[in-house]
Amino acid sequence: MSDAFDSREAIACLIPHAGRMCLWQRVVEWNDTRIRLEAFDHVAPDHPLRHRGRLHAVHLAEYGAQAMAVHGGLRALRAGGGARPGLLVALRGVSLMRDRIDDLDGALDGEAEVLVESATGAQYAFVIRHAGEVVAEGRAAVIHPQG
């Protein structure tokens, strides 16, 4: 399934991250269990996660978590509602294949896939690639607070 979520502004309507903190710029494709997205501005000198002039690869975990959030937002929108707030509670098995990502020309390609979900949360696997090569992968868990 594909939709017209091909801008940061459109994607930001689905998640709690606004402005430049919405890290993905395009939804390539998605279905009930998986999403694929692209980001282009990891090389920008004013990227909000840069520190001392560099964008460190550890921030790819945030890209993975936001991929999960976008997927949840799209699923909620399709069901006629809005995404429930979620809290990232765990990262597991995260592997980073490089130290930094601001020196990578071209798009980052991210995928997230639901592994387990319930009414109170979900666990996803994520992988981030650049030019077909894996630069990060791992799992992340989110809970949906009750109340």
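Taking log10 I(q)/I(0) by the Debye sum over Cα atoms at q = 0.22 Å⁻¹ as the quantity of interest, determine which of [x] -1.30; [y] -1.53; [z] -1.69 was computed from the displayed structure.
Recomputing log10 I(q)/I(0) by the Debye sum over Cα atoms at q = 0.22 Å⁻¹ here picks out [y].
To test your reading of the geometry: what angle, between 0 and 90 degrees and rounded to tens, separates the Cα axis of helix 60-78 from the longest principal axis of the chain?
Here the helix axis deviates by roughly 30 degrees.
Report the gain in length on full extension from LEU87 to ARG50: 0.36 nm times residue separation, minus Cα-Cα distance, nm rounded to one decimal.
On the way: separation 37, 0.36 × 37 = 13.32 nm, distance 2.31 nm.
So the chain would gain 11.0 nm between LEU87 and ARG50.
If Lys and Arg each add +1 and Asp and Glu each add -1, what is the summed charge of the other residues whose beta carbon sits under 10 Å from the beta carbon of LEU104?
Values: positive: ARG98, ARG100; negative: ASP102, ASP103, ASP105, GLU133.
Result for the neighbourhood of LEU104: -2.
Which value, in debye to the nearest 20, gives the size of the charge dipole of the chain about its Cα centre, when Lys and Arg are +1 and Asp and Glu are -1 at the Cβ?
Numbers: 16 positive and 19 negative charges, 89 e Å.
So the dipole magnitude of the chain works out to roughly 420 debye.
What does the charge count near LEU88 come to, summing +1 for each Lys or Arg and -1 for each Asp or Glu among other residues with Cβ under 13 Å from its Cβ?
Net charge in that neighbourhood comes out at +1.
Read-outs: derived from the displayed coordinates by stated rules, not from any lab. A quick note: this is a predicted structure, and the numbers were derived from the prediction, not measured. Note that we place each Cβ from the backbone using ideal geometry, even for glycine, and neighbour counts take in every protein chain shown.
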